[in-house]
Number of protein chains: 6
Amino acid sequence: MRIDGRHRDELRPMAVTRNFIKHAQGSVLIEVGDTRVICTAMIEEKVPPFLKGQKQGWVTAEYEMLPASTNTRKSRDRNRGKIDGRTMEIQRLIGRSLRSVIDLSKLGERTIWIDCDVIQADGGTRTSAITGAFIALHDALTGMVKNGQIKEMPVTSFVAATSVGIHQGEPLVDLCYEEDSNAEVDMNMVMTEKGEIIEIQGTGEERPFNKEELAKLLSLGEESIKQIIDFQKETLLG
Amino acid sequence: MRIDGRHRDELRPMAVTRNFIKHAQGSVLIEVGDTRVICTAMIEEKVPPFLKGQKQGWVTAEYEMLPASTNTRKSRDRNRGKIDGRTMEIQRLIGRSLRSVIDLSKLGERTIWIDCDVIQADGGTRTSAITGAFIALHDALTGMVKNGQIKEMPVTSFVAATSVGIHQGEPLVDLCYEEDSNAEVDMNMVMTEKGEIIEIQGTGEERPFNKEELAKLLSLGEESIKQIIDFQKETLLG
Amino acid sequence: MRIDGRHRDELRPMAVTRNFIKHAQGSVLIEVGDTRVICTAMIEEKVPPFLKGQKQGWVTAEYEMLPASTNTRKSRDRNRGKIDGRTMEIQRLIGRSLRSVIDLSKLGERTIWIDCDVIQADGGTRTSAITGAFIALHDALTGMVKNGQIKEMPVTSFVAATSVGIHQGEPLVDLCYEEDSNAEVDMNMVMTEKGEIIEIQGTGEERPFNKEELAKLLSLGEESIKQIIDFQKETLLG
Amino acid sequence: MRIDGRHRDELRPMAVTRNFIKHAQGSVLIEVGDTRVICTAMIEEKVPPFLKGQKQGWVTAEYEMLPASTNTRKSRDRNRGKIDGRTMEIQRLIGRSLRSVIDLSKLGERTIWIDCDVIQADGGTRTSAITGAFIALHDALTGMVKNGQIKEMPVTSFVAATSVGIHQGEPLVDLCYEEDSNAEVDMNMVMTEKGEIIEIQGTGEERPFNKEELAKLLSLGEESIKQIIDFQKETLLG
Amino acid sequence: MRIDGRHRDELRPMAVTRNFIKHAQGSVLIEVGDTRVICTAMIEEKVPPFLKGQKQGWVTAEYEMLPASTNTRKSRDRNRGKIDGRTMEIQRLIGRSLRSVIDLSKLGERTIWIDCDVIQADGGTRTSAITGAFIALHDALTGMVKNGQIKEMPVTSFVAATSVGIHQGEPLVDLCYEEDSNAEVDMNMVMTEKGEIIEIQGTGEERPFNKEELAKLLSLGEESIKQIIDFQKETLLG
Amino acid sequence: MRIDGRHRDELRPMAVTRNFIKHAQGSVLIEVGDTRVICTAMIEEKVPPFLKGQKQGWVTAEYEMLPASTNTRKSRDRNRGKIDGRTMEIQRLIGRSLRSVIDLSKLGERTIWIDCDVIQADGGTRTSAITGAFIALHDALTGMVKNGQIKEMPVTSFVAATSVGIHQGEPLVDLCYEEDSNAEVDMNMVMTEKGEIIEIQGTGEERPFNKEELAKLLSLGEESIKQIIDFQKETLLG
């Protein structure tokens, strides 16, 4: 039994509120246990300089934690004039993950800005952000098809993410903050609906881990991401 | 009749969700029409350097708009490495307004950090932030009294704010974004429960205004802030 | 009797040296009591990006205090890599005030840069800056008419500013630093030659203030700004 | 046959010059094919604030590419006033990898600063940096034992890293720049001398990858890192 | 005959207004032809960290040009978040020059902040700043002796500076802006009252120069600095 | 006899490794005693904005010290978000020195970026950088002539630099760090192959110096730079 009563392969309750922010073409509030992230997708009618004239679009992501999202107030990056290393890593991961399932050549010369703002953090903010941002992006793209901006959906696969880890020798899925802080091994996985890997990042926080442990974590993550993608499909396609 | 069907002295619907963020000692989601702001109050057990050893506390505020809160995506201040002039003005106003109704000597050597994060903007974000932040602050202070951190409530008065303005020659209260963008005169008022002025900032955006117009705006603002403070009291004291 | 022997409705001696800096199209040293500000107006033959192609000009202002202008040396903003919140507020106020009396469509696609550098501060630096900057701007515009850059003066009204406040229960005008630091209520007013309000910013620093007090402050400010505009006219039009 | 004539499981030639910089307690020039990195370890007799008084040390890493290290000149981060996201990720990875094999409690209250400066880049700069930095760190620690600063070596295991990837459908090890730029899948692995995983980061750059492919990459990486650690041992222990 | 009618060894008219800024312990407006610089000296009762506990003081300088001081408006360094290279060089030169004639051990643990703000530039701003700053510093030190902060004057020699250069083949002293912009060789000299060199910085802007030319420039500079120091003595000692 | 056994007019051993970095069009590792600097020259097919359309090229230089190049680790400028004053001065000096011997009109609209990265410092880093950068620049230009990018070599003269100084009353050349730190007078000289001066910067660090001392230093520097230019010629023209 885990700290919050879950089985070791049990995901936390997940909820999604669509159209959460009226100005964004796609927007959700995603709740994964006590972790809550606002994910928005906004369209800009131009591409970054390195893509000019290449007849393709771009998807980019930013991630931020509100000061009150953590137990001890987190000072705003803008006050230090530079972005936190962890933040940088996470927003690059979100961007890569989403781009991997979008056919950018079908977007036209447009940028879709994904913003993931964590309003309450309890572990798994980056994976929740990916899961939620995909829904916001899907909604924005559906809107673009509807109003004729693009001809067909550029989505090549659903994508979702979760964390797995080893805590007190046990492989667990979807770690809450307390589990995450004490995990010996911590791994984030991003997968497609076909169970293929888009990104895998595993760290031996307290100790190295061997290949058997890695195999267990991979299976656990794969099973869980399947459930999450089912949830996404239900939400979006109903 | 106004653009959204209101009378010229009619406030937009206001809603407050308390305890919106679990990590903050006080936190609300305030909704004023389509304007939505998360206001949190977090306690830090030290004061800024200029107050060290003076046996008093401090209340300070930060304000930020999420990128998707506005019609066109607002780039994050952290990326430019400096804070927007308007943001700076607003957070200084929020801080001054709240400090004016708190007896800082009763706080002990503590700082209360107020964070106002606008998740959706439709005019009146700074005044909604003040109104909401007061509730979050009140909740945090009530908690401090309950758990014995302080002996008595340091609140000397309720405080709330609203905007008034002249639009097409007519004095209006609580302007939505469209009204605000086209107003000839724009004024923000912060008042106490006794109808006294804490802060008044009026600007002739399109043209100067005379003393008669000022008098009308003041009355309109005063009446409206009374209603808002009634709403705060009902929310807090039930 | 006030600390410097003035009556409560008496302005400090005001002096203006025109053509103080040879490189600027308009430039004054304005002295208001011991407050001294260099105000310059320089013309640039382009507009900011947001105005391109709109057949109008722009007026923008920057404000800074020299390190030795204050009692304790003020560290330069450039060393901290960010602009002081108060500085930001003041330069936005100066810019708005001047733009409100200029018909920007008569400027052509030009920017007029106003720089207000405080070399000695003794209260009222922002209002002195507005009063002085208007003269520098008027001189620069007169020069532009003379040399044929523009056809007619784009000035729609004279504009000047002063501070009023309540100090030991008494309404005072044009507060010096010592009065300002101890004022219960502090208000800055910017008005046109017709006695209309362009900007009003009142703060209850020590306590809230009521409508009767506001009315007294407004009258006092109005009377005083009339005198200041008379002084400006005498200076400029002789 | 690969672009540079190697077999798919063949590492590039590796060379290490120890004591490359006289001021550092440990320093190497590591060359992996055409990739060349200066790795230094310098001791500072204090710990970062968050470790003060905890009777343990710290190991931290910085990574930078010289402007001429890449084909097109890379502008220095200092000129933009912020650190590149990729740089941030890499230096965090280097730091974590080294800390995972050091018993920090045996360091005393000291920080060991690892600097990895890439003077020529041809793929695999981050993994070469980890492999080289471990040698520099080992040398610095050996020196500390010799001169009595610490009693015993705090190294719990050797650590090294390499890249693996899928290029034109083939799993390859130790990718050079041209292979890396065209790889479908890219993975960095950091392992101990016992073949345990410290860090694994795999990205489907061009397409997702399945579990069989992952398994092949893991084996390939494991074999190769064994060889690299043999090389490290020969270099250090002779 | 030079562009402004001077002989080639003739200095521009020099004027100094002492006590120009009331808040500084020493302050002058120095005018050298059309070049005008405000130089102030302010005392701070602490030393920079690297001098703590060393029983000596410090003298440091900052230099800045007001936006309107140059023909084309000079944008403020604070807006770019970094200090101009030329500015940096100049303020380091001013600091070194002044420190070279002050016995820092007689200052006590104090910092004297020198600020040189150019309000109008017409060549020779850095040398005028040194000449003027010395007077401000002397005044501040005299005040410290008078009020008992220090026992004796820590000044070991007077110091002044001027520019020399080769323009159209002719060695000239104290170049105005137009001469300076077209000079083939440009040299700044800082000397003591005994004719000894503190700092010499010569640059072949348009072409290299030989030792004979250097000798001529040195003589010219030496003669002129003697005159300037005579002027300083007259000003200060009457 | 000097600290390292040299005569007072004896240069340290100098060595140059050409083609040190494969991506740069010209690159050397220059070693002057224990001082080692990587100097590279890279060509960019555009000029800075202020030269656009002027049918000439530009040469610009950047200088940086690696953290481990100095005895105590030097923190990276990028972490403070601003460039060190000394660094700024040095890279401006390198750029000016190289430009003075290049006919920029023969470069075409190109920028040559010179990067001087100090990997080990033992005095004379700036002068070694100039000497080495000239060789890298010469190699890059020779390559441009060979591959037809430019028609003829734009080099008008060889250029090299060294330091001279007065240490314990004796004039010395090419000071190592220990001599440099204790020198009474410190001077950097940059000269052409004809023995003409491009730049001279002398500072009385501990005391002023007189004209006789200056003359001695000049002769010493001139003799030494001749030897260095002979070495450059041998290296390049062999």
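At A:His7, with labels set 7 Å past Cα in the Cβ direction, how many nm apart are the copies from this one, shortest first?
4.7, 6.1, 9.0, 9.0, 10.4
Would you please classify the overall shape of the protein assembly as shown from the alpha carbon gyration tensor, given that a ≥ b ≥ c denote the square roots of the eigenvalues, rounded means a/c under 1.5, and beyond that prolate means a/b larger than b/c while oblate covers the rest?
oblate
Mind checking which aspartates and glutamates have their Cα closer than 14 Å to the Cα of C:Lys46? Skip sequence neighbours fewer than 8 apart in that chain.
Within reach: C:Glu109.
Once you have a ≥ b ≥ c as the square roots of the Cα gyration tensor eigenvalues for region C:106-172, tell me rounded if a/c is under 1.5, and otherwise prolate or oblate according to whether a/b is larger than b/c.
In terms of gyration-tensor shape, prolate.
List the residues, sorted by chain then number, that are 5 or more residues from A:Asp122 or on another chain and whose placed amide H is less than 5 Å from its amide H.
A:Thr35, A:Arg36
Looking down the axis that turns A into F, which residue of A has the closest beta carbon, and how many Å out?
A:Gly81, 4
Can you tell which of D:Gly221, D:Gly195, D:Gly124 shows the greatest fluctuation in a Gaussian network model of chain D with Cα springs below 10 Å?
The residue that fluctuates most here is D:Gly195.
Pairs of Cα atoms under 8 Å, at least six residues apart: use those to get the relative contact order of chain D, whole percent. Please list the in-between numbers first.
Working: 505 pairs, mean separation 48.9, N = 238.
Answer for chain D is 21 percent.
Computed from the mean reciprocal separation of all distinct C-alpha pairs, what Kirkwood hydrodynamic radius does region C:14-237 have, in Å?
Numbers: mean 1/r = 0.0558 Å⁻¹.
Its Kirkwood hydrodynamic radius stands at 17.9 Å.
Return the percentage of antiparallel bridges among DSSP beta bridges fully within region B:18-140, rounded to the nearest 5 %.
Around 70 percent antiparallel, to the nearest 5.
Hey, which of these cross-link pairs are over 30 Å Cα-Cα: D:Lys74/E:Lys211; C:Lys52/F:Lys82; A:Lys52/A:Lys146; D:Lys74/F:Lys52; B:Lys211/E:Lys74?
D:Lys74/E:Lys211; C:Lys52/F:Lys82; B:Lys211/E:Lys74
Please label the shape of region D:157-216 as rounded, prolate or oblate, based on the square roots a ≥ b ≥ c of the eigenvalues of the alpha-carbon gyration tensor (a/c under 1.5 means rounded; beyond that, a/b larger than b/c means prolate, else oblate).
It comes out prolate by the Cα gyration axes.
Here, each number is a calculation from the coordinates, and none is a lab measurement. The shown structure was predicted, so the numbers you read here are calculated from the model rather than taken from an experiment. Note that we place each Cβ from the backbone using ideal geometry, even for glycine, and neighbour counts take in every protein chain shown.
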